[in-house]
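To start, the structure under review is shown below, and the notes come after it.
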Amino acid sequence: MLYPIKVVDIELSRPLTTLDGLDGYMGVQGLLRFHGAPIGYVKAPITNGHCTAQTLSKRILEDHSETIINRLLYNGLSLPLGRESLCLEDLFDVQPPEYKGKLPLVTVAVCTRDRTPNLSLCLDAINQLDYPYLDIIVVDNAPTNDSTKKLVETYANIRYICEPRPGLDWARNRAVLEAKGDIIAYTDDDVVVDSAWVKALALVFIKHPDVMAVTGLVVPYELETETQVLFEMYGGFGRGMSRKWYQVNRGNKIHWRLLGTGEFGTGANMAYRRSVFDDIGFFDPA
C-alpha cells in the first residue's frame with residue numbers, strides 16, 4: 001500500500017521529538033522549516049507506531065545538512081561584527097534579518113463556487129495570517145444557493161462579492177476590480193494558507209520593484225488517501241524550495257516549453273501588483 005502517510009511540520013530551530021500515535025501509517029513526510037521558512041522534505045519510516053527523533057535527525061542530516069549550514073551562515077552574517085569565532089551551534093537561535101519598513105495593503109482573494117465546507121477551513125486559516133494590512137474578499141462565482149454568502153457573513157472582516165458570470169477567470173477579474181490593495185494575492189477555496197504566507201509574498205514585491213507576479217510553494221495538507229498520494233507522486237503542485245526568476249521583455253515571446261500548465265506555479269498561491277492589470281489587461285475568460 002502507498003498510503004496513508006503522516007504529514008507533519010518540523011521546525012529545526014526547536015529540538016526534535018519522537019512522533020507517536022502513528023499506527024496504520026506507512027511512513028512520515030515532514031516539511032522541514034527553519035524559523036518558519038520551508039527548506040525541504042524529510043521522509044522517515046515508522047516502527048511500532050513511532051518515528052523516533054533519532055531517526056528523523058539521521059534522515060535530515062543525510063538529505064539536508066548543506067542547506068541547513070547555508071541557512072545558519074546566512075543568518076549569522078546578519079549579526080553585528082566583532083565575534084572572534086563563528087560557531088554553527090550558536091546560530092540555531094539567530095533569527096533571519098527582519099524587514100522593518102512600510103508594508104503595503106494586500107487584498108487576499110478567494111474565488112469559490114458551492115464549496116462551503118472547504119471554504120470554512122480556508123477562511124479560518126486566512127484569519128490567522130500574520131500581516132497587519134489585509135483586505136479579504138470572497139468572490140462567489142455563479143452560486144446555485146446562498147450558503148457561501150451566509151458563511152462569509154459570519155466573518156466580520158471579510159467582504160462578500162457575487163460574480164454572476166460562470167467561470168474562474170470572470171471571478172478573478174472581479175477580484176481585480178474590487179481589490180483595495182496594491183497587491184492581490186489569490187488562493188483557492190480548498191487551501192489552508194500558512195500564517196506567514198502574505199508577508200512572504202509582500203516582501204518579494206517590496207524588495208524587487210520590477211517584479212509584477214509571484215507564485216509560491218503549495219504542499220499537501222494531508223496524504224490520507226491513495227488519490228492524494230498518487231497526485232503528489234505524479235508531480236503535485238510543488239515546484240521545489242528554491243526561488244526561481246523569470247523575465248520577459250515587452251514584445252518578446254515566452255518559449256513554448258514554459259507554457260505548460262503549472263510551469264510558473266499555480267492559482268492556489270499567486271500574487272500580482274494591482275497595476276499590472278492596467279498595463280496588460282485582465283485574465284482571459286476564454
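General observations
- Candidates S85, S78, S57 - the one that is among the small types (G, A, S) and at pLDDT 75 or above: S57
- Enumerated strands (runs of 3 or more DSSP E) restricted to the stretch 121-200, each holding at least 2 residues that are touching an Asp or Glu at 6+ places or on another chain (Cβ under 7 Å): 134-141, 158-163
- Pair list, Cβ < 6 Å and 6+ apart or interchain, from the stretch 91-118 residues that are farther than 17 Å from I137 by Cβ and touching a residue at least 24 places away in the same chain (Cβ under 8 Å) to residues that are assigned to a loop (DSSP other than H, G, I, E, B) and aromatic (F, W, Y): L103/Y133
- Each residue in the stretch 177-193 was checked for being of a type in the set (G, A, S) and either within 13 Å of V139 (Cβ to Cβ) or not assigned by TED's automatic domain parsing to the domain that holds I161 (or both), and 1 of them qualify.
- Some residue of the stretch 210-231 being under 30 Å from G24 (Cα atoms), without any contact (Cβ under 8 Å) to a residue 40 or more places away in the chain and loosely packed, with under 15 Cβ neighbours inside 10 Å: yes
- Applying the set (1) touching a residue at least 60 places away in the same chain (Cβ under 8 Å); (2) in contact with a Pro (Cβ under 8 Å, 6 or more places away or on another chain); (3) aromatic (F, W, Y) to Y25 leaves exactly one unmet item: (1).
- Restricting attention to the stretch 14-44, the residues that are surrounded by 13 or more Cβ atoms within 10 Å (Cβ to Cβ) and part of a loop (DSSP other than H, G, I, E, B) add up to 6.
- Scanning the stretch 246-286 for residues that are closer than 18 Å to H208 by Cα, outside any helix (DSSP H, G or I), over 18 Å from the mean Cα position of the chain (by Cα) and modelled with pLDDT of 80 or more gives Y246, Q247, R274, S275.
- When we screen A185, A196, A142, A200 for residues that are on the phi > 0 side of the Ramachandran plot, small (G, A, S) and touching a residue at least 12 places away in the same chain (Cβ under 8 Å), the only hit is A142.
- Within the stretch 148-196, the set of residues being in contact with a Phe, Trp or Tyr (Cβ under 8 Å, 6 or more places away or on another chain), buried (at least 16 other Cβ atoms within 10 Å of the Cβ) and of a type in the set (K, R) comprises R172 only.
- Options T225, T144, T148; residue that is among the β-branched types (V, I, T), modelled with pLDDT of 95 or more and outside the structural domain of R115 (by TED's automatic domain parsing): T225
Table: residues versus (1) within 14 Å of the chain's Cα centre (by Cα); (2) not aromatic (F, W, Y).
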{"position": "I183", "(1), (2)": "no, yes"}
{"position": "Y186", "(1), (2)": "yes, no"}
{"position": "D189", "(1), (2)": "yes, yes"}
{"position": "M212", "(1), (2)": "no, yes"}
{"position": "T215", "(1), (2)": "yes, yes"}
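The values are calculated or read from the model by the stated rules, or taken from the named source; none is laboratory data. If you're wondering where the values come from, they're calculated on a predicted model, not measured in any experiment. Note that we place each Cβ from the backbone using ideal geometry, even for glycine, and neighbour counts take in every protein chain shown.
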